[in-house]
Amino acid sequence: MNEKMYTVGKIINTHGIRGDLKILRVSDFEDRFEIGNVLYLVTNNQVVRELEIDGHRIHKGFDLLHFKGLNNINEVEHFKGSTLKILESQLTELEENEYYYHEIIGCEVFTNEGNSIGQVKEILAPGANDVWVIKQPKGKDILIPYIKDVVKDIDIAEKKIVIEPMEGLLD
């Protein structure tokens, strides 16, 4: 497969005995795990198999997925630790001013005064808005809410983000 792939989840564990898998979601789109969607099981950077989702529910903050034809824990137990990916052609069309996580992670973040504060290393999606985890050259990580009052400019081509820090944000 020559097409670029993107991770949408990591298989943490099995759930029950009927082949359900507990997934840590790393996708920014709810519809990734809709019934009928195809995901690719990747182990050690190798595509192991194509899987079709035939069951999805949320349980204690994790996605539980069931794949077509895999109805027993013994058939899926060895999937633990693998990642679930999609092909680039499966990416969702974005609206203006929307970005994929992989476009934001790695961008350098500057204040509106031009001071670099670090790079986006991770994106958390705890609720109403995403939170960007900024790794500083030294010191602890900074959490930036992805809201228009704070994030002023995003330049994906230059891998540069400009923020207007709220009071107390960088203390």
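Just so it is clear, none of the values below were taken in a lab; they were calculated from the coordinates. On a predicted model such as this, the values are computed, not experimentally measured, just so you know. Ideal geometry is used to build each Cβ from the backbone, glycine not excepted, and the neighbour counts take in all protein chains shown.
The listed peptides 61-69, 41-49, ordered by packing as a protection proxy, come out as 61-69, 41-49 (highest mean of other Cβ atoms within 10 Å first). About the centre of its Cα atoms, segment 101-163 shows a dipole size close to 220 debye [charges on the beta carbon of Lys, Arg (+1) and Asp, Glu (-1) only; nearest 20 debye]. Among the GluC sites (Glu not before Pro) in segment 56-127, which ones are in a DSSP loop with at most 12 other Cβ atoms within 10 Å of the Cβ? Mind listing them? Here the GluC sites (Glu not before Pro) that fit, given the DSSP loop and packing criteria, are Glu93, Glu95, Glu96, Glu98, Glu113. Backbone N atoms of segment 49-66 closer than 18 Å to the 7 Å Cα→Cβ label point of Glu75 belong to residues 49-57, 64-66. Ranked for footprinting exposure by Cβ neighbours inside 10 Å, fewest first, Arg25, Arg57 give Arg57, Arg25. Here segment 5-90 is treated with +1 on each Lys and Arg Cβ and -1 on each Asp and Glu Cβ, and its dipole about the Cα centre works out to around 320 debye.
For segment 5-90, just say rounded, prolate or oblate: build the C-alpha gyration tensor, square-root its eigenvalues into a ≥ b ≥ c, call rounded for a/c under 1.5, and beyond that prolate if a/b exceeds b/c, oblate if not. Here segment 5-90 falls in the rounded category. For the chain, a crude dipole built from +1 on the beta carbon of Lys and Arg and -1 on the beta carbon of Asp and Glu, taken about the Cα centre, is about 960 debye to the nearest 20. Averaging 1/r across all pairs of distinct Cα atoms in segment 31-171 and inverting the result yields a Kirkwood radius of 17.7 Å. Legend: distances between Cα atoms for Lys121/Lys160; Lys22/Lys68; Lys10/Lys80; Lys85/Lys148; Lys22/Lys135; Lys85/Lys140; pairs beyond 19 Å are Lys85/Lys148; Lys22/Lys135; Lys85/Lys140.
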